[in-house]
Structures are given as structure tokens and as C-alpha cells.
Amino acid sequence: MGAIINKIEYVLPEREITNQDLQNEFPDYDFLKFEQKVGIKSRYIVSEGETALDLAIRACEKIFEGNIDKNEIDFILLCTQSPDYILPTTACILQDKLSLRNDIGALDFNLGCSGYTYGLSLANGLIASNQAKKILLVTAETYSKFIHKKDRTNRSIFGDAATATIISYSEEDNIGGFLFGTDGGGYDKLIVRNGGCRNNFDTNCEIKNYGTGNEYSDNHLYMNGPEVFNFTAQVIPKFTKELLIKNNLEVNQIDQYIFHQANAFMLNFMRKRIKIKSENFYINIENYGNTVSCTIPIALKDYSQEITSSEKIMLVGFGVGLSWSGGLVTINKSL
Amino acid sequence: MKKQDFIKELSEELELETVVTIASSIKDLDEWDSMGAMILIAYVSDTFDVTLDADDIESITTFNSLIERIGEEKFLE
């Protein structure tokens, strides 16, 4: 006995921002080069009044349009760093909006790019310990709300999205070994400093400059690009090898690697270090950008459309925290 | 690796449109931006097994200062 991923759905906000849109706004920057290196052509961002919860509701409604009975859901795990409120928990509101049963568990967990793989492992644990049988795992993120209008780099990289995944008890055991990693010493490498309980949101906040023409303030998302790149380059190849050992597999026994879609340059840099062939390494960042905890489920859904027989897929998430997690899933159908 | 070859290779990685010398300022290049920093870090890591951190990126000025940071002993001349 074990658990399987039954279905994944995702939604994007309606408002598309193409590289041409950004080029018009930042005429001095070469977005063609950005597109070639970073691999992003387009991203979607929420409108003023639209939130992560709104996207989450749409993603869940989409998943219940299929043959999933929503009355069988007995747990909601919702990953977000852009909750509607400081309290209550977004997952509780989602339970009501979706008219799910009252005798179910619901919680938010605050993780970024490592969130989806965490969620899969937590869902597997709840099922294995007989605390739940059918889990709704949601990722919903609207980083666009945190990014300064003149922060060209982060506006180019990040997109908003929400995903919904159903994980259920099964005779098959399709969720394999998972591992985790944490280095809170890097907490300030990717951070929104103000607006929590440590520092109030400051309406007179000083505008800072990255030194490359990009602006931000402590009210906004700050990313130390070089440090995040180095963290990823140093930690993730080794971590991927540990995941292979954990699952008793060699690097070439994995049908597809799906890493958090951070940027194509960084992904290929790691791919070469781990010695994964490009045909076994999925990159679909082109039309979505980096949608934080949503990139892996979006990529897994898109990739699974080509699946005709059982495939071993290694998922690896890494980023803000600093936090990383990953594991093996077996998928035998289009999700 | 010779310093001249290093500058040539790095120029190709950064897709520089101008010819640069050892005394050229990296940050005054039109092509210098956060993506350039990422490309530079990746290239130096792959070629010399040296990790440039954010402070290094901040303090580097000319190609020569970059060579000094990587280590003169790693170059042939």
C-alpha cells in the first residue's frame, strides 16, 4: 500500500506580460538576450484585487470538474507565501469556498520553491499514517504583489499561478523516498523584510538600488541573485545524488528530472554538473516564468501529457529559506 | 589558461559587442547586469572551480581585478 498522484490542474492569471511588454517599459535593456539565456518569454500576473486564494479556488474548481469527488477530500495542504490575511489560514477559507466537508484537516505552510515537494511528502506521510486518504495539495503564489515596479530583473523572472494536486491512498506505492534540506543562515538572500511582525510595512520606505538599475525597498521582494545561484550550484547537484542513493537508483535510471523552474541558464548549469542528458531534463519555463511553488506541478502536468507507460520522475525544489526538498514519484498516465 | 584566452572566452560567454582588455572595467560594459553576474559566476566556477560570492561581484572592477580574485597562479602568464 502507498499513495499515488491522481490528478494535477493549474491556472494562470488572465493578465499576460510578454517580453515585448517589458521591452516597451525598459527600452534600454536587451530582452532578446534575456529570453535566450533565462528562457522566459512570458509570464502572467494577477490584477489589483486578485489574490492567491482566488487563483487557488480556480485551480481547485478545475480539478473537481473531472471525476474527482470533492466529498472524498479529507485534508487540504496549501503552500503559499502570499496569503490573503496574516490570519486566518488561507486553507480554511478555501475549504468553505469549495464547499468541502467540515470534518477535514486544512493548513497553510509557508515555503517557496521547495514547497511542492514538501507538500507531496507531507501528503504521503498523512496517508501512510492513516490520518487521511485523499488529500488536496494546493500551491498558490502571487510574488508580483511584492516586486517593485522598477525591479526589472525580478519582474522578468517571476510569474503568478496556482496549482491543485490530488494525492490518494492506493494499493500502488508511487511516491518514493524524499529528502529535505535547510540553511536558515541564508534567510536574507531572498526576503520581503517589511510587513511581518519583525518590521512594519513602512510607507516612507527608502528606495534601494541593486547596482544594475533595478530598484527595490524593504517593503518589496529582494533577491541576492549571486548568492542564490551559488547556493543552488553548490547544494542541489549533491542533493540530487543523495536522492538517487535514497531511492537505490543510478542517474540514468530516472526517466525525467523535473527541477524547480528557476531559470533555464541555472537549470542547464546544474544539469551538466549532475551529468543528466537534456532529453531527460524538463524545462518549460518559457511561457510561465518562475512561479515559485507552482513550477514543479505545472511542469509535471505538462510533461505527463506525453507519458504512455510508467515513468520514474525525480522532483527537486530549492529556494527561499534557504530550503530544498525532493523525491521520486512514479507516474503512469497523463495527469 | 592564458589571461588573453580567459578574457576572450569570458567575452564570448557574456556576448560582448566591444573588444575589451585586461584594464577594461567590467561594470561599465553595456552588457553588465544581474544576468551577466550569473554567467560570470557560472563560467568561473566551471573553469577554475572558484566560487565568486556577492561581495566578490560587488568588489570586482576590471578584468585584472577579476583575475586577481580567481588567483594569478591559475594563469600561465
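The values are calculated or read from the model by the stated rules, or taken from the named source; none is laboratory data. Model, not experiment: these values are computed from the prediction. When we count neighbours, we look across all protein chains shown, and the Cβ atoms used for this are built from the backbone with ideal geometry, even at glycine.
Please go through region A:158-208 and give me each residue that is part of a strand (DSSP E or B) and modelled with pLDDT under 95, ordered by number.
Answer for region A:158-208, where residues must be part of a strand (DSSP E or B) and modelled with pLDDT under 95: just A:Lys208.
Run down B:Glu17, B:Glu9, B:Glu31, B:Glu77 and say which single residue is at pLDDT 90 or above and either farther than 21 Å from A:Gly211 by Cα or within 11 Å of chain A (Cβ to nearest Cβ) (or both).
After applying the criteria, what remains is B:Glu9.
Any residue in region A:10-31 that is under 16 Å from A:Ile45 (Cβ atoms) sitting within a Cβ distance under 6 Å of a residue that is at pLDDT 95 or above and exposed (fewer than 13 other Cβ atoms within 10 Å of the Cβ)? List the pairs, counting only those 6 or more apart or interchain.
A:Arg15/A:Ser47
Quickly run through region A:155-208 and pick out the residues that are in contact with a Cys (Cβ under 9 Å, 6 or more places away or on another chain) and either surrounded by fewer than 15 Cβ atoms within 10 Å (Cβ to Cβ) or over 30 Å from A:Asn24 (Cα atoms) (or both).
If the condition is that a residue be in contact with a Cys (Cβ under 9 Å, 6 or more places away or on another chain) and either surrounded by fewer than 15 Cβ atoms within 10 Å (Cβ to Cβ) or over 30 Å from A:Asn24 (Cα atoms) (or both), then A:Thr163, A:Ala164, A:Asn194 are the ones that fit.
Just need a number here: residues in region A:209-236 that are part of a loop (DSSP other than H, G, I, E, B) and either surrounded by fewer than 22 Cβ atoms within 10 Å (Cβ to Cβ) or within 14 Å of another protein chain (Cβ to nearest Cβ) (or both).
The qualifying residues number 9.
Determine which member of the set A:Asp69, A:Asp84 is surrounded by fewer than 21 Cβ atoms within 10 Å (Cβ to Cβ) and in contact with a Ser or Thr (Cβ under 7 Å, 6 or more places away or on another chain).
Exactly one of A:Asp69, A:Asp84 is surrounded by fewer than 21 Cβ atoms within 10 Å (Cβ to Cβ) and in contact with a Ser or Thr (Cβ under 7 Å, 6 or more places away or on another chain), namely A:Asp84.
Any idea which residue in region A:149-172 is nearest to the chain's Cα centre (by Cα), counting only those that are within 14 Å of chain B (Cβ to nearest Cβ) and of a type outside the set (A, V, I, L, M)? I'd like the intermediate steps shown before the answer.
So the first thing to find is which residues in region A:149-172 are within 14 Å of chain B (Cβ to nearest Cβ), and the list is A:150-158.
Subset that is of a type outside the set (A, V, I, L, M): A:150-156, A:158.
Details: A:Lys150: 24, A:Asp151: 21, A:Arg152: 21, A:Thr153: 19, A:Asn154: 16, A:Arg155: 17, A:Ser156: 17, A:Phe158: 11 Å.
If we take residues in region A:149-172 being within 14 Å of chain B (Cβ to nearest Cβ) and of a type outside the set (A, V, I, L, M), then A:Phe158 is nearest to the chain's Cα centre (by Cα).
With the requirement that a residue be assigned to a loop (DSSP other than H, G, I, E, B), within 11 Å of chain A (Cβ to nearest Cβ) and surrounded by fewer than 16 Cβ atoms within 10 Å (Cβ to Cβ), what does region B:51-74 give you?
B:Thr51, B:Asp53
Filter region B:32-50 down to the residues that are at positive phi and not in a loop (DSSP other than H, G, I, E, B) and list them by number.
Once the filter is applied, which keeps residues that are at positive phi and not in a loop (DSSP other than H, G, I, E, B), region B:32-50 yields nothing.
Is there a residue being closer than 27 Å to B:Thr47 by Cα and part of a strand (DSSP E or B) anywhere in region A:237-253?
Looking for residues that are closer than 27 Å to B:Thr47 by Cα and part of a strand (DSSP E or B), one finds none in region A:237-253, hence no.
Right, A:Lys208: under 26 Å from B:Ile26 (Cα atoms) and either of a type in the set (Asp, Glu) or over 22 Å from the mean Cα position of the chain (by Cα) (or both) or not?
Taking the combined requirement at face value, the residue satisfies it.
Which pairs turn up if I take residues in region B:2-26 that are charged (D, E, K, R) and look for partners that are part of a helix (DSSP H, G or I) with beta carbon separation below 8 Å, at least 6 apart in sequence or on another chain?
Filtered contacts from region B:2-26: B:Lys3/B:Ile67; B:Glu9/B:Tyr43; B:Glu9/B:Thr47; B:Glu13/B:Ile39; B:Glu13/B:Leu40; B:Glu13/B:Tyr43; B:Glu15/A:Lys33.
Do we have A:Thr139 as closer than 30 Å to A:Gly2 by Cβ and either assigned to a loop (DSSP other than H, G, I, E, B) or among the hydroxyl-bearing types (Ser, Thr, Tyr) (or both) here?
Details: closer than 30 Å to A:Gly2 by Cβ: yes; either assigned to a loop (DSSP other than H, G, I, E, B) or among the hydroxyl-bearing types (Ser, Thr, Tyr) (or both): yes.
Yes.
For region A:306-325, which positions are assigned to a strand (DSSP E or B) and either at negative phi or out of contact with any Ser or Thr (no Cβ under 9 Å at 6 or more places or on another chain) (or both)?
Within region A:306-325, A:Glu311, A:Lys312, A:Ile313, A:Met314, A:Leu315, A:Val316, A:Gly317, A:Phe318, A:Ser323, A:Trp324, A:Ser325 meet the criteria.
With respect to A:Ala59, is the statement that it is closer than 25 Å to A:Ala106 by Cα, small (Gly, Ala, Ser) and in a strand (DSSP E or B) true?
no
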